[in-house]
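In what follows, a single structure is set out as structure tokens and then discussed.
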Amino acid sequence: MANPAFVYNPPVQPYLTILYQDDDILVANKPSGLLSVPGKAQEHKDSLISRVNTVFPTATVVHRLDMATSGIMVMALNKESHRHISKQFELRKTKKRYFARVFGHVKSNKGEVNLPLICDWPNRPKQMVDYERGKKALTHYEVVDVTPRASRITINSATSANTPPDISPGFSTTSEQSETLVALYPVTGRSHQLRVHMLELGYPILGDRLYAHPQALGMAERLQLHAESLSFAHPSSEDWLTFQTPIPFTGYTHYSPAPLSID
């Protein structure tokens, strides 16, 4: 099925999480399962921007996250701020970091995926690689942790902020029984870019109802993709701002990644 049927049931707890707000911008943490903007159908009207507008009527969307993706979104509170931040995204001046749990043991510690993407129109909203018609899409990645599927991750409460979680020993790490936590750094911002790029590497994101095979789909109740960090220049002061939000995946809620590098 191109787009597996689902019933839109957006989370209401918490209803709205605002991380920062001033006269020009608002930064919110979108939960998985909530649309960034309203859908066309009446039952799809609930969204992050709709909820924000009940408190901040002038807020407008500058960028979006997939419904199934959680994490940081910045919104503009006036026209000048919208223009300024939109330009930063357009010129790829913003810095973004996502975390994802993917199926299998990613062999290379770091790398990049440079594959052009286009809408798979007969199977929309899915995207696909197309070397002739696709738009440039570039993602950098690095492995954070490899976990044997047969074991459970144990977080040591004394783990330092920059140290990956401790993993219970004693299991092999073949791709059939492993998962990998990866940090993803998208240079471009194509629709479903991270999901398709990891799929093309052979490591679908767990819980992805559009792209994951049955085994990877069954390993998580939600898409294991989180927009953890976002950096950009404030539209008025030009000061560089960086926002982070905890990784909500089971076993990683106490893992604190190093701050996102803006070099």
Completion exercise
Among Glu142, Glu221, Glu112, the residue with the largest mean-square fluctuation in a Gaussian network model of the chain built from Cα contacts under 10 Å is Glu221
Practice task
Using the heavy atoms of the protein chains and a 1.4 angstrom probe, tell me the accessible area per residue for region 32-114 in square angstrom.
Solution key: 48
Problem - Euclidean distance of C-alpha centroids, region 51-130 and region 195-263, integer Å - result: 10
Handout entry: Charged-residue dipole, Cβ positions (Lys, Arg, Asp, Glu), the chain about Cα centre, Debye nearest 20
Key = 540
Handout entry: Extension reserve of the Val7-His213 stretch, reckoned as 0.36 nm per residue once the Cα distance is removed
Key = 72.1 nm
Exercise for the section: Could you order Lys96, Lys45 so the one with the most accessible surface comes first? Probe is 1.4 Å. Expected result: Lys45, Lys96
Exercise for the section: Report the label-to-label distance for Gln21 and Lys87 in nanometres (one decimal), using points 7 Å from each Cα along the Cα→Cβ vector. Expected result: 2.7
Practice task
Report, as a whole number in µm² per second, the diffusion coefficient that Stokes-Einstein gives for the chain at 37 °C and 0.692 mPa s using the Kirkwood radius over alpha carbon pairs.
Solution key: 170
Problem - Mean accessible surface per residue for region 182-263, computed with a 1.4 Å probe while every protein chain stays in place, in Å² - result: 41
Practice task
Only helical DSSP H runs with n ≥ 4 go in: add -39500 (n - 2.57) per run for the chain, normalise by residue count and round the 222 nm mean residue ellipticity to 500 deg cm²/dmol.
Solution key: -3000 deg cm²/dmol
Exercise for the section: With everything on Cα atoms, drop me the angle between helix 79-90 and the longest principal axis of the chain, reported from 0 to 90° to the nearest 10. Expected result: 30
Exercise for the section: Find how much the distance from Val55 to Asp130 grows on full extension, using 0.36 nm per residue of separation minus their present alpha carbon separation; answer in nm with one decimal. Expected result: 22.8 nm
Exercise for the section: Express the relative contact order of the chain as a whole percentage, based on alpha carbon pairs under 8 Å and six or more residues apart in sequence. Expected result: 20
Exercise for the section: Calculate the spin-label point distance for Ala41 paired with Glu221, positioning each point 7 Å from the Cα along the beta-carbon direction, and give it in nanometres. Expected result: 2.3
Exercise for the section: Compute the distance in nm between two label points, each set 7 Å from the Cα along the Cα-to-Cβ direction, one at Trp121 and one at Asn78. Expected result: 4.3
Exercise for the section: Give the carbon-plus-sulfur fraction of the accessible surface of the chain in %, rounded to a whole number; probe 1.4 Å, heavy atoms of protein chains only. Expected result: 52
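The values are calculated or read from the model by the stated rules, or taken from the named source; none is laboratory data. Please read these numbers as outputs of a predicted model, since none were measured by experiment. Positions of Cβ are generated from backbone atoms using ideal geometry, with glycine treated the same way; all protein chains shown enter the neighbour counts. The area values use the complete protein model at the heavy-atom level, side chains included, leaving out ligands, DNA and RNA. Shrake-Rupley method; radii C 1.70, N 1.55, O 1.52, S 1.80 Å.
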